[in-house]
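The values are calculated or read from the model by the stated rules, or taken from the named source; none is laboratory data. Values in this document were obtained by computation on a predicted structure and should not be read as measured data. Note that we place each Cβ from the backbone using ideal geometry, even for glycine, and neighbour counts take in every protein chain shown. These accessible areas exclude ligands, DNA and RNA; they are computed on the full protein's heavy atoms, side chains included. Shrake-Rupley method; radii C 1.70, N 1.55, O 1.52, S 1.80 Å.
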Amino acid sequence: MAAAAVHRDRLGLELTAANGEAARAFDDTVWAYVGFSREPGVPLKRALAADPQMPMTLCLQGYFFHLMGLPGLAAKARTVFDSVSKTKANPREKAHIAALGAWCDGELERVTALLDGILAEHPRDFLALKLANYLHFYMGDAANVRDGPARALKNWDEKLPGYGHLLALHAFGLEESGDYAAAERAGRRATEINPADPWAVHAVAHVMEMQDRAAEGAQWIESLAQHWDGANFFRFHLWWHLALMHWSDGRPERALALYDSHVWANGSSENLSLCNDISMLARLELAGIDVDGRWDAAAAVVREQAGGSVLAFVDAHYALALGAVPPLESRGTTGRVHGAVGSALCEAAVAWRAKDHARVVARLAPVHRELRRIGGSHAQRDLFILLLLDSALKTNNMTLAKTLLAERAAQRPAGKLPRNLTAVKE
């Protein structure tokens, strides 16, 4: 076997690899991931074939197993970690190996600490940046979703690869932190740089959703669809956002049509795509739409995907689809989140499907201000507030209903809701 040599990626970071082809293929895989390619596995296979022991390629393979969100792949990630731990690596690569190990242990706070540590010394490590951003998001840490890219921007300029992607990450962090004007500026600039970056389009769409600019938001998303609809499964999330704009603007029938044609499409199998489906079905029911057998179709796919807890955010959606609490046995970060809020949320979701609205209130009302801990965006978590509001109204708990409406109005002053969700009695 050829001795490992030092190579560099397109941003100048050192890579331990047996040959240049392995380094180039690894770099191509990273940017396929960053750019929402449908086929990141193609360059990954090239990289593994060129150097089966390249540390960063093995780390990336392990990361991908975790990102797929399937409990059955966790064991494969652990096998990869065991293998990569035996390779020779430079200090940055060793930190990535440690981050993969922490992820295998379910300790997401430790993963982000390691990734943020890498970025402190190597601010142009886009893989570390993207992964940290993802995990901060699913731990409900909006400040770090914003600040990680902000720190990196100080070491970037428009001439460097990935500037538009970095700006898009920052835009979304700004939005989740409530700085809507700055978020929209950054998101629009990122879209100008690369209209095919779905995250940039997505960041601006979130601003418009939170500011209840539904008609404008629908036009924004649709006008760029020719660019972003070539993306990986994330394209389904943008179609979900378009359906949400119509739902928010009082056109649930249009949202249902989009669900059938583009959100569910040929059947979703990726766990976050399933969350799109489940969330929209619940919103449609809240608006008085009969979704017919669509719950059964979603539940059938969830049963194929379930088998263990990966993210509390996903588990709560799966509970809605199944009408039953999915397996929540988990360790580390997700286990702690379930102990604090996730388990109660799952039980409330099941109760809502069963029309046991008193139980929804009993389980969800005490923890509803802690929902950020399950991760996801303000727009996504709003679903669970709406389920609680619906149950408060149906149990004639007008005090709780008024409280929820007031809290929601503070965040979204112009927020529109279906009439039945605002029918508060004095």
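Details
- Split the accessible area of the stretch 112-217 by element, probe 1.4 Å, and carbon with sulfur accounts for 51%.
- Computed from backbone phi, the HN-Hα couplings of the stretch 328-335 come to 10, 5, 7, 10, x, 4, 5, x Hz, rounded to whole numbers (Karplus: 6.51 cos²θ - 1.76 cosθ + 1.60, θ = phi - 60°; Gly and Pro given as x).
- Listed options for Kirkwood radius over Cα pairs in Å are (1) 23.2; (2) 22.2; (3) 32.0. The value calculated from this structure is the one marked (2).
- Span per principal axis, largest first, for the Cα atoms of the stretch 46-159 (Å): 35, 30, 22
- Residues of the stretch 59-101 with amide N under 18 Å of a point placed 7 Å along Cα→Cβ from Arg8: 90-93
- Think of a 1.4 Å ball rolled over the protein heavy atoms: the chain then has 39 Å² of accessible area per residue.
- The stretch 235-393, dipole about Cα centre (Lys/Arg Cβ +1, Asp/Glu Cβ -1), debye to the nearest 20: 520 debye
- Subtracting the Cα-Cα distance of Ala75 and Arg369 from 0.36 nm times their residue separation leaves 102.4 nm of extension gain.
- The packing ranking, built from the mean of other Cβ atoms within 10 Å per residue, places the peptides 15-26, 129-140 in the order 129-140, 15-26, highest first.
- If R0 is taken as 56 Å, the Cβ-Cβ distance between Asn19 and Ala257 corresponds to a FRET efficiency of 0.60.
- Rounded, prolate or oblate (a/c below 1.5 giving rounded, otherwise prolate when a/b exceeds b/c) for the stretch 280-386 by Cα gyration tensor: oblate
- Positive-pole candidate from Met208, Gly173, Trp156, dipole of the stretch 145-221, charges at beta carbon: Trp156
- Surface share of carbon and sulfur [accessible, 1.4 angstrom probe, percent] for the stretch 297-395: 49 percent
- Cα-centred dipole magnitude for the stretch 29-156, charges only on beta-carbon of K, R (+1) and D, E (-1), debye, nearest 20: 340 debye
- Here the gap between Glu407 and Lys86, fully extended at 0.36 nm per residue and compared with their Cα-Cα distance, gives a gain of 110.3 nm.
- Amide H contacts under 5 Å for Arg8: Leu15, restricted to partners 5 or more places along the chain or on a different chain, H placed in the peptide plane at 1.01 Å from N.
- Size of charge dipole - the chain - debye, nearest 20, with Cβ of Lys, Arg +1 and Asp, Glu -1, no other charges: 500 debye
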